[in-house]
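As structure tokens, the structure follows; a few thoughts come after it.
Laboratory data are not the source of any read-out in this text; all were calculated from the coordinates shown. A quick note: this is a predicted structure, and the numbers were derived from the prediction, not measured. Neighbour counts run over all protein chains shown; Cβ positions are idealised from the backbone, glycine included.
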Amino acid sequence: MNLDLAIWALAALSTLAIFSILYRENPVYRLFEHIFIGLATGYGISILWTQVLLPNWWTPMAGDGKWPWIFALVVGLMFYTIYTPRYAWMSRLLMATLMGMSAGIFFQGFARLYIPQLAASFLPLVQPEPPYVLFRNLVIVVTIVTVMTYFFFSFEHRSKVVRGSASLGRWLLMIAFGAIFGSTVMARMALLTYRIWYLLQGRPEIGT
Amino acid sequence: MLALKILLGFAAGIAFLGLLDRFTNTRSRRLLMVSFTFLGGLFYLLEFVIPPGTGFLGWQAPNPARDNFLSPLIEQIGQVVLVIGGFAFGLGLLNLAALHGRTLLRGRPGWVNSLAFFVAMVGMTVAGLFQANSPTLRTVHRLLFEGLYQPLGASVFSILAFFITTAAYRAFRIRSGEATLMMAAAFIVMMAQVPMGMMLTDWLPTQGWLAYFRIEQVSDWLMTVLNMAALRAVGFGIGIGGLAMSLRVWLSLEKGTYFGKEM
Amino acid sequence: MDLRLEHASLFVLVLELLLCGLILARIFAARGGRIPFIRRIPGLSAIDEGVGRATEMGRPVLFSLGLGGLDIVTLQALAVLGHVARLAARYASRVIVPVVDAVIFPVTEEVLRDAYAAEGKPELFQPEDVRFLSDQQFAYASGVMGIINRESVASSFLFGSFFAESLILAEAGHQVGAVQVAGTPSTTQIPFFIAACDYTIIGEEYYAASAYLTQEPTFLGSLIGQDWGKIALLATIVIMVGVASLWSLTHGGAMTGFEEKLTGFLQYMPGAAAGR
């Protein structure tokens, strides 16, 4: 049987099986869900070996003679001690170390991500800027201040100024979230359009 | 000789862990955990705060204009962490195999699905690992990857089109000022992306101050000014929140079911 | 503005020290007995409601930790899971936790087991309720959709890092009539959670969850420190907007020089190698 046709047939079947959940959960969806998870697991295993362990661990250790890499396996095995009550503390030690590293990385990430944004918020609000730029700057600064006010936790929003600012912040947030929602709709529709096109028009001609 | 070194290294590593378990008690283990957490974070923190060009005992980074003496270690440590993290995949694999294996072996309802799981997993693993050596396996891999794996993923992704419609329909019905604002903004941005929507303000001039009220201009302004500013403000809060949590984790101030547990 | 911040400049160092100092000061003040006040966060108050509903209906709770690995975001989600699990254990309800990361999987199992044990009901913990599904985004989403439908969950909690699959999980929960509470620092997914879930925890409220739910002095103090940090940032913004406005007035509106000086200031690093 033509391979491309077989691929198309499987793909079409998979698509219809997944779409069937829109009606309700059913045995066909369940079967393909399990197949999907199995494929993803198998794919994960092959990628893990070919792109992570083989080039970064096995080749340096067994190929280039850097035998200390075996200690990485010893440390990796510490994850599995969680299933033994006596040695479970070792897995916690490893996790805590990784969490500590993650925390350390965040200090750098905070600076790289937020300092440029902070600097970009230092905008002039005074003439002789052109009016539309001034209006833009005013909206940006007011939005930032009011939205940040909304996220204060340590006091009830009792004062009129604070309550007003927090309310305005929440409204501006809702407008922003609406804009994100709207901007994503077309992209999602395009995905569906392609799937339907594939079902209807994507079948390869028999014999090609 | 290399194989022997590797085996001896493995044995030595396991022996070290055994000794560590034998000669430590709850208190010293807790101290170890706190120390390793601190040192793990300290390395990255120091690499960040030490200025470029700084050396240590005569040792300099290859590119002192950009790096300090710790910077070259970042990549190496990253590689080690990647490998160690890779070994953890077996944890998930064991769980999946145990769950589906039990169902299959005991003939529980749904055993067919568990069988399908194993067939798919083994098939994809073997085809993925050995396809370079066998045309048959290359064919199998194509069937599994292009015929099943990719379409399944694309189909799940494309279901979002239905879900985004139902979610928008429900949200449009909510009678609150905030929901109305949110949906009005969504409506403007959606309409600005389609010709039919752009026709709504097509009659406005393309030059002059009235041009700013064309729907595509309003949509662009909403996305690049208001949306950007609001997300920036939310981001500052999230950043400070993340900083606080990172600080608590780094200094082992974080209490909870996991970190506070007896060792 | 193109800032090169591979290493901390003086400004970055001072700012981060200030923020960390404020947070630590408030933590130690709270530990010293001055328990601070935290305003009500509706989404977090609804968590207890959700678990209670599941108990009444005799249906399980679903808790998704999102797509993150072993990081700060997932750690926070685990903290919320611990609270939910203890509540569920108290009321003898099931909590199903599908997991995406193999490293998180044993941690999740331990959190759940400990929660049931802490409530004196270790026998109610079912190991099959913590399931590693897949590390692939849409395989995970399809698995969770299947679980939500088959188990007909009464409540669904979505806490962690989410991406495009967020709406899939939320709508699946809505299809079975589940009460849904979502919390994520992934701002681009918040609109979908707002549209599809009953309660959504937005932005920094996500990191306030552990303080709010546990009322632990360390977390409460940290939250107050975060507020002070926000005040510091706001003050910086207001002051610098004033400086920028003054510059604009005195330089005929041209801001190029201001941006250059600002970039130089923000990147200034005493002791850096020459030629940087």
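Here each label is just a point 7 Å from Cα along the line to Cβ, and for A:LEU113 and C:GLN126 those points are 3.7 nm apart. Applying a length cut-off of 15 Å (Cα extent along the axis) and a mean Kyte-Doolittle floor of 0.0 to the DSSP H helices of chain C leaves C:10-31, C:72-90, C:104-118, C:137-151, C:217-250. Against the main long axis of the alpha-carbon atoms of chain B, helix B:2-22 sits at an angle near 90°.
Note on the protein assembly as shown: lysine pairs with Cα distance below 27 Å, sequence gap of 8 or more or different chains, count 6. Starting from the Kirkwood Rh over alpha-carbon pairs, what translational D in µm² s⁻¹ does the range A:1-103 have by Stokes-Einstein at 25 °C and 0.890 mPa s? Rounded to a whole number, D works out at 137 µm²/s.
Rounded is the label for the range C:42-217, because the ratio a/c of its alpha-carbon gyration tensor axes (a ≥ b ≥ c) stays below 1.5.
Relative contact order of chain A: 20 percent, from C-alpha pairs under 8 Å at least 6 residues apart in sequence. Pairwise alpha-carbon distances in the range C:134-276 exceed 22 Å for 62% of all pairs. Each principal axis of the range B:180-263 carries a Cα extent, and these read 72, 23, 19 Å when sorted largest first. Here the 3J(HN,Hα) profile of the range B:233-243, calculated from phi with Karplus coefficients 6.51, -1.76 and 1.60 at θ = phi - 60°, is 5, 4, x, 4, x, 5, x, 5, x, x, 5 Hz, Gly and Pro shown as x. First check a/c for the protein assembly as shown, with a ≥ b ≥ c the square roots of the eigenvalues of its C-alpha gyration tensor; if it is under 1.5, answer rounded, and if not, answer prolate when a/b is larger than b/c or oblate otherwise. It comes out rounded by the Cα gyration axes.
For chain C, the relative contact order works out to 27 percent when only alpha carbon pairs closer than 8 Å and six or more residues apart are counted.
In terms of its C-alpha gyration tensor, the range A:121-202 comes out oblate, because a/c is 1.5 or above while a/b does not outweigh b/c. Across chain B, Cα pairs under 8 Å and at least six residues apart give a relative contact order of 15 percent.
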